Amino acid sequence: MKNCLVPGSTVMTPMICFYCGQDESKIGRGMLYHLFGIKHCDIHITNAIRDCKAYQHRENLLVMNRIKDPEILKFIDLLDGLPNGFSVERSNGEIQTGWKINKGYFYEPAFITKINGHWTIPCTNDKTYKNIKLIDFICFVPIENISKIVEDIIDILNEGIYKKDQEEYEKVLNKDTSVHYEDGEIIKYVLYEGQICRAILPK
Ligand SMILES: [Zn+2]
C-alpha cells in the first residue's frame, strides 16, 4: 500500500491500482501521456493527479495539453493566434519564419521544460520540432509588450504552478517512509475495508 508514487512507464504493467492493488484500475487522469503515468482506482484518483503534478514540478516540465494555468494558456493562445506564426533563429544563425507553437496531445506529448537553465517552449515548423528558449521570443514575436509577457511567464514557471502538489507529495512521502517499530510490536499500514489503517502486529 502506497499513498504517493512517482509516475513512470505503464508498458506491460498490470491493470491494477498502483496505490492499493485493487484490480479496477483506470487509465485516465493519472496518465501524463500515452503509456506514462500512474494507474489508479476511484479512491486514488486524487493521489494520482497530485503525484503527476508533483512529478512535473520536480522535473521542471509541464505537459502542454494538460496545462490549466490561465496565464500560461493565455500566452499559448496568443502565440497560436498569430496568422503567420513567428520567426525563430536556427542554430546556424538563419532566421526562419512560419513557426508555430506545438501544443501536443495525448499520443504525441509536447513539454514546456527547462534546458540548460532556460525555460523553453515546444515549437514546430512543418515537420521540424524544437524547444525554443522563452527569452528568445522577445526578439522574434510580433506582439505588443512581448518582453513583459515573457518575463511574467518565466516568473510563473520559476515559482512552479504545481509547487503545492509537490509540498503535499513530500508530506505524504514522509508519512509513507516513517513506518517505525515500537518496543514489542510492529506497526504496519494496511488497507482495511477501503481505509488505510495502522495495524499492530505481534513481534
Ligand atoms: Zn487504489
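The GluC sites (Glu not before Pro) of segment 80-169 meeting both criteria, a DSSP state outside H, G, I, E and B (loop) and at most 16 other C-beta atoms within 10 angstrom of the site's C-beta, are 94, 144. Helix 146-159 against the longest principal axis of the chain: what's the angle in degrees, Cα atoms only, rounded to the nearest 10? Between helix and principal axis, roughly 10 degrees.
Would you mind getting me the FRET efficiency between residue 164 and residue 128? Use the beta-carbon distance for r and R0 = 30 Å, nearest 0.05.
Values: r = 36 Å, r/R0 = 1.21.
My answer for the efficiency is 0.25.
For residue 171, give me every one of the aspartates and glutamates with a C-alpha distance below 20 angstrom, ignoring sequence neighbours fewer than eight places off in its own chain. Cross-link targets: 51, 59, 159. With 25 Å as the cut-off, how large is the P(r) tail for segment 1-103, expressed as percent of Cα-Cα pairs? Roughly 39 percent, rounded to a whole number.
Relative to the longest principal axis of the Cα atoms of the chain, the long axis of helix 163-177 lies at roughly 30 degrees.
Taking 21 Å as the straight-line reach from the Cα of residue 100, the lysines in range (excluding those fewer than 8 positions away in the same chain) are 68, 74, 114, 127, 130, 133, 148.
Rg/Rh for segment 64-112 stands at 1.03; both radii use Cα atoms, and Rh follows the Kirkwood definition.
Using all pairs of distinct alpha-carbon atoms, the Kirkwood hydrodynamic radius of segment 68-159 works out to 13.5 angstrom.
Compute the length gained on full extension between residue 145 and residue 65: take 0.36 nm times their separation in residues and subtract their Cα-Cα distance, giving the result in nm to one decimal. Intermediate values should be presented prior to the final figure.
Numbers: separation 80, 0.36 × 80 = 28.80 nm, distance 2.53 nm.
Stretched fully, the residue 145-residue 65 segment lengthens by 26.3 nm.
Placing a pseudo-label 7 Å from each Cα along the Cα-to-Cβ vector at residue 34 and residue 16 gives an inter-label distance of 2.8 nm. The per residue volume of the convex hull around the alpha-carbon atoms of the chain is 149 Å³.
Simple point charges give the picture: +1 on the Cβ of Lys and Arg, -1 on the Cβ of Asp and Glu, and for the chain a dipole about the Cα centre of about 320 debye. For the chain, take the longest principal axis of its alpha carbons; what is the angle in degrees between that and the long axis of helix 45-58, to the nearest 10 within 0 to 90? On a 0 to 90 degree scale, this one is about 50.
Based on Cα contacts under 8 Å between residues 6+ apart, segment 1-154 shows a relative contact order of 16 percent.
Listed by chain and number, the lysines whose alpha-carbon sits under 26 Å from that of residue 175, ignoring those within fewer than 8 places in the same chain, are 2, 26, 39, 53, 163, 164, 188, 203.
Label residue 103 and residue 154 with points 7 Å out from Cα along Cα→Cβ: what is the distance between them in nm? Placing both labels 7 Å along Cα→Cβ, they lie 2.6 nm apart. Under a model in which nothing but the beta-carbon of Lys, Arg (+1) and Asp, Glu (-1) is charged, segment 24-77 shows a dipole of about 60 debye around its Cα centre.
Here segment 68-159 is treated with +1 on each Lys and Arg Cβ and -1 on each Asp and Glu Cβ, and its dipole about the Cα centre works out to around 300 debye.
Read the figures in this text as sums done on the coordinates, not as results from a lab. Owing to the predicted nature of the structure, the values given are computational and were not obtained by experimental measurement. In this analysis, Cβ positions are derived from the backbone assuming ideal geometry, glycine residues included, and neighbour counts consider all displayed protein chains.
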